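**Student:** Okay, handing you the structure first.
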Amino acid sequence: MIRVGLVGIGNVASALVQSIEMVKQGIEIPGILNLPIKADEIEIVTAFDIDKRKVGKKLSEAIFSKPNVVQKFVDVKSDVKVLRGPTLDGVDEQLSKVIEESEEKPVNVKEVLKENNVDVVINLLPAGADKASLFYAEGSLSANSSFINATPSNVTERIGDKYKEAKIPIFGDDLLSQIGGTIFHSGIIEFLQKRGVKILRSYQIDIAGNTETFATLEDWKKDLKKKIKSSFISQRSDNAEIVAGTSDYVEFLGDRRVSYMVIEGEYAMGAKVRVDISLKTYDAPNAVQPLIDLIRLAKILKDNNIGGVIPEVCGYYFKNSPVRYKSIDEAKARFDDFLKKIVK
């Protein structure tokens, strides 16, 4: 069994908890790795949040509490209670409009992780919660737990060396969706370039109705997300002008995300080509496949005393990894080679 702790019981946590329940019921999750540790061996043993509508509730109830908008796919069997974590910078002016902060006293996170013998901690806090993300990363290190940073906060750069010294893996930063706008956009550009098309410019805008999108209405958060997405896609193109980011929050969309992409280029004799794409996905389920893989990889690496930031893993699963590859194919090849070495 892999004992997992969740930080932030938002939409992604809801999708992940439900997917784990579905796996235990024999329902297949498409795309997950075939590893010695199976997905049904994942067990959520503790959870932290700051919203009074979630704190104190069973995890099975909290994942459907407001402001979450993920639909209910399955009845979850879990008696784990959501604990009050420290707020730190987890609520800013924008998020204070949708978060109802609990008046309960925060628990001692490090002690809770130790008492529950947590193998892996997953950070699912909103973008911009840098102090809180680092706090949980430091607490996880003290508790001898691996850490997965799904947020844009640059946790791996700041604390990765300490994890390496302790021989505990840390993965991050900013989780790459299974089939979200950023990876899809990159893939289309790479395909066009393989066919000899010179990419001139491209842009992408994302619209959704979940809490994460609402939080990015703060200009500095929007700029942060734009910088990370644009940089990731730019590395897959040859000097093209790339702009990608979240543009707006539309409440009635709920967890649905609409991504619009335009790619302009030229081919033989200077002929122009323009590609217009509308990609419609569900945001939270997009995190399920990579997280189920990362949880199991973290356990395998820790059991083998392999710690720190693992370039082959982070470069494949994250947008803002300390190590970035020039193409999706290169990232996949490096990851596959690494996997062959650690999985016998």
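The values are calculated or read from the model by the stated rules, or taken from the named source; none is laboratory data. None of the values given here were measured: they were computed from a predicted structure. As a convention, Cβ positions derive from the backbone with ideal geometry for all residues, glycine included, and neighbour counts pool all protein chains shown. These area figures cover heavy atoms from the full protein model, side chains too; ligands, DNA and RNA do not enter into them. Shrake-Rupley method; radii C 1.70, N 1.55, O 1.52, S 1.80 Å.
**Student:** Any residue in region 290-313 that is closer than 13 Å to F338 by Cα sitting within a Cβ distance under 8 Å of a residue that is part of a helix (DSSP H, G or I) and open to solvent by 40 Å² or more (accessible area, probe 1.4 Å)? List the pairs, counting only those 6 or more apart or interchain.
**Tutor:** Once the first residue is closer than 13 Å to F338 by Cα and sits in region 290-313, its partners that are part of a helix (DSSP H, G or I) and open to solvent by 40 Å² or more (accessible area, probe 1.4 Å) give P311/R334; E312/R334; E312/D337.
**Student:** Which of (1) in contact (Cβ under 8 Å) with a residue 60 or more places away in the chain; (2) of a type outside the set (A, V, I, L, M); (3) not in a loop (DSSP other than H, G, I, E, B) does D40 not meet, given it meets every other one?
**Tutor:** The one condition D40 does not meet is (1).
**Student:** Go through region 272-327 and report how many residues are aromatic (F, W, Y) and modelled with pLDDT under 95.
**Tutor:** Of the residues in that region, 1 qualify.
**Student:** Considering only region 33-42, I want to know if a residue exists there that is among the aliphatic types (A, V, I, L, M) and within 20 Å of E115 (Cβ to Cβ).
**Tutor:** yes
**Student:** Now for a separate question. Quick check on region 86-118: of everything there that is assigned to a loop (DSSP other than H, G, I, E, B) and of a type in the set (A, V, I, L, M, F, W, C), which residue is surrounded by the fewest Cβ atoms within 10 Å (Cβ to Cβ)?
**Tutor:** Among them, the one singled out is V98.
**Student:** Using beta carbons and a limit of 7 Å, which pairs, at least six apart or on different chains, have the first residue in region 133-145 and of a type in the set (S, T, Y) and the second one part of a helix (DSSP H, G or I) and open to solvent by less than 10 Å² (accessible area, probe 1.4 Å)?
**Tutor:** Final answer for the pair search is S133/V155; Y136/V109; S140/L113; S145/L113.
**Student:** Looking at region 155-183 only, could you name the residues that are out of contact with any Pro (no Cβ under 8 Å at 6 or more places or on another chain) and open to solvent by 60 Å² or more (accessible area, probe 1.4 Å)?
**Tutor:** Result: R158, D161, K162, K164, E165, K167, I179.
**Student:** Quick one: which residue in I233, I242 is in a strand (DSSP E or B), free of Cβ contacts under 8 Å to residues at least 60 places away in the same chain and buried (at least 18 other Cβ atoms within 10 Å of the Cβ)?
**Tutor:** I242
**Student:** Still on this structure, please answer the following. How about region 254-292: which of its residues are surrounded by fewer than 16 Cβ atoms within 10 Å (Cβ to Cβ), more than 20 Å from T213 (Cα to Cα) and among the small types (G, A, S)?
**Tutor:** Selection gives A268, G270, A271.
**Student:** Inside region 11-57, can you point out the residues that are in contact with a Ser or Thr (Cβ under 6 Å, 6 or more places away or on another chain) and surrounded by 20 or more Cβ atoms within 10 Å (Cβ to Cβ)?
**Tutor:** Residues satisfying the conditions are I50, K54, V55.
**Student:** Give me the pairs: first residue in region 320-344 and under 15 Å from P290 (Cα atoms) and without any contact (Cβ under 8 Å) to a residue 40 or more places away in the chain, second residue in a helix (DSSP H, G or I) and of a type in the set (D, E, K, R), beta-carbon distance under 7 Å, and six or more apart or on different chains, which are they?
**Tutor:** F335/E312
**Student:** Of the conditions (1) farther than 20 Å from I148 by Cβ; (2) surrounded by 23 or more Cβ atoms within 10 Å (Cβ to Cβ); (3) of a type in the set (F, W, Y), F73 satisfies every one except a single condition; which number is it?
**Tutor:** Failed condition: (2).
**Student:** Restricting attention to region 308-342, which residues are touching a Leu at 6+ places or on another chain (Cβ under 6 Å) and part of a loop (DSSP other than H, G, I, E, B)?
**Tutor:** The answer is K319, and nothing else.
**Student:** Moving on. Considering only region 140-154, state which residues are open to solvent by 10 Å² or more (accessible area, probe 1.4 Å) and either more than 25 Å from K226 (Cα to Cα) or assigned to a helix (DSSP H, G or I) (or both).
**Tutor:** The answer is L141, S142, A143, N144.
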